[in-house]
1. How far apart, in nm, are two points set 7 Å out from the Cα along the Cα-to-Cβ line at ARG488 and at ARG509?
2. HN-Hα J couplings of the range 398-407 from phi, Karplus 6.51/-1.76/1.60, θ = phi - 60°, integer Hz, Gly and Pro as x?
3. Please state, as a whole number in µm²/s, the translational diffusion coefficient that the Stokes-Einstein equation yields for the range 355-448 at 20 °C and 1.002 mPa s, with Rh defined as the Kirkwood radius across alpha carbon pairs.
4. Cross-link list LYS127/LYS428; LYS211/LYS470; LYS307/LYS331; LYS211/LYS373: which exceed 22 angstrom alpha carbon to alpha carbon?
5. Please give the per residue accessible area of the range 177-237, computed with a probe of 1.4 Å over protein heavy atoms only, in Å².
6. Between VAL235 and LEU473, what FRET efficiency comes out of the Förster formula 1/(1 + (r/R0)^6) with R0 = 30 Å and r the beta carbon distance, rounded to 0.05?
7. Go through the range 150-159 residue by residue and turn each phi into a ³J(HN,Hα) via Karplus (6.51, -1.76, 1.60, θ = phi - 60°); whole Hz please, and just put x for glycine and proline.
8. For the range 291-387, what mean projected area does the convex hull of the alpha carbons give, in nm²?
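The values are calculated or read from the model by the stated rules, or taken from the named source; none is laboratory data. Everything numeric here is computed off the predicted structure, so don't read it as measured data. Note that we place each Cβ from the backbone using ideal geometry, even for glycine, and neighbour counts take in every protein chain shown. Accessible surface is based on the protein model in full, side chains and every heavy atom, while ligands, DNA and RNA are left aside. Shrake-Rupley method; radii C 1.70, N 1.55, O 1.52, S 1.80 Å.
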Amino acid sequence: MQGGIFRVCVVVAAALLFQKENTTLPEQEDDIIHQMKGHQEKLQSEMTRLEQEVSKQDLEVPKTVEEEEEEDNQGWDFWSTLSLIIFLMIEIWRQDFQDCSAQDSNSEEEDYLVIGNLSQKTTLPNKVVLASFHDNCIRISGNEFWRMREFVEGFADDLLEALRSVCNRDADMEVEDCIGVGSMYENWRVSKPLLCDLIVPFAPPEPYRFKFQLWCCSGNDVPPDRQGCGRIKVVKASEDNSGCLCGKSNLGEDMLCLLHGKNETPRANDTMEDLLCSRNTPYLAKDQVMKWFQISITKAWNRISHKYDFELTFRNLDVPGALKVKFRSGKVIIFNITPVVQFEDTDAYFVPSFNSSSPPDVYWSLSLAVYEKNLLKSLAKKLPDNPCHLSCFQIIYFLFRKQSSLTGKSGLTNYHLKTALLHLLLSKAPSEWRPEHLEKRLRDIFRFLEKSLQEKKLYHALIGNKQVSKDILIPAQFRASEPLNLFRPLVLQGDLYAKTVESFHEMLRNAPVLIQEYTPHFPNGHVPAPPNTRV
């Protein structure tokens, strides 16, 4: 009898163990139920066999009435307890199974909420209202763009020429002509005062040159968390095979280098600090470049300030070349002149970035802004008349700025927004950017950004992207590189990532209200159609 009870308990324990191991596998519901039924059938068979043994024992041994009642009570207690155990086992399994299913259901519901629910359920005005909102509240006059650019470019040329004159050409960095990039040159700027972005390449004095260590090239010890960055090593031409031979060998008295004069000999007393390098390293330092450039700009302005009837000041001392012009009338013009390092003989540049998430001092961020500008121009030529791509982007940028003013800055930037636009321009047919599709494309960008935030991945539009035409002439190193996740620095900061997602969802919820609030209301209720002009 005791051996039979022991076997029953073993079966019960095995069933409980099986239940515990499989409660987290709701996707195998049919298999679990089938196996549980098998255990129950074995248990029932064992119980039947035990009942038969008990019956035989009752026949073989005569018992008194009291003994029979006592054994009946004990038997009833045993079977009641065993039934209770089986009932509890089945009930626990059923509840755990339901909990797991509910958790999966909730998880799927949350995923849907993040990926598609808000962006798809956001109620946007129709295309006519959106077009009116853009034309009356966002669009900036083309004449205003051109006047601004003409003034800034002319003044920047004069300032850089003065900078060259105050620098020591034998010891200081050589400054080249400025290049216009960003919103003013891509025609999507929406905020006032207008901001013009210029980059200024600079190079070391002879006999030095820059040598690059990229994150995407093998053999360089750039850490994995510095993707999209590179180090810039300052080397002598004689240390590199491509340098001039006069620095490597004795030419003799009868031979003269055609590149360097007889009295031009390499300086032996230069230190790395003199060449704007980080202390005790040969790598170009961003803070050293910032100090040099701000001092040089100040000297240059002191030389030409008598020619102008306005004040020139630095807007932000932590950002090199962030300048503000203030006229006596009170009018203000702001612009940026950023010193950059040209990557070899290409239109790619390494730029200094100075913010809380920027890489350490010797790591420079790669900018393909010139290629992005060229890509936008190339894609625009294939689009129909009066395409909606820039209008769509300007509306999102407007909403993004308004949301930032309400809830503060998040991890999302205007560059992330532009990246989303470029991805959609590359993936959608040109005919889908007709002006009547403004509302659809606006929703597409919302959806794309929402999905990117959920997946924690937003890839660079050009680096490692096979969809980009070879006509854009992106350097081979970056075209063949692995795709670069722009959200990597964001997701590494959990609190900032959570705030970014929350702020973006809040922007989606506020979008209809903001658009209606800023859309002009006409007495007859008729909203005029937008003019048929290409932005």
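1. About 3.4 nm separates the two model spin labels.
2. 4, 5, 4, 5, 5, 5, 5, 6, 8, 10
3. In µm²/s, the coefficient rounds to 144.
4. LYS211/LYS470; LYS211/LYS373, as the Cα separations exceed 22 Å there.
5. Dividing the accessible area of the range 177-237 by its residue count gives 37 Å².
6. Taking R0 as 30 Å, the efficiency between LEU473 and VAL235 is 0.65.
7. Per residue, the Karplus-derived 3J(HN,Hα) values read 4, 5, 5, 5, x, 5, 5, 4, 5, 5 Hz.
8. Mean orientational projected area (the range 291-387, Cα hull): 10.3 nm².
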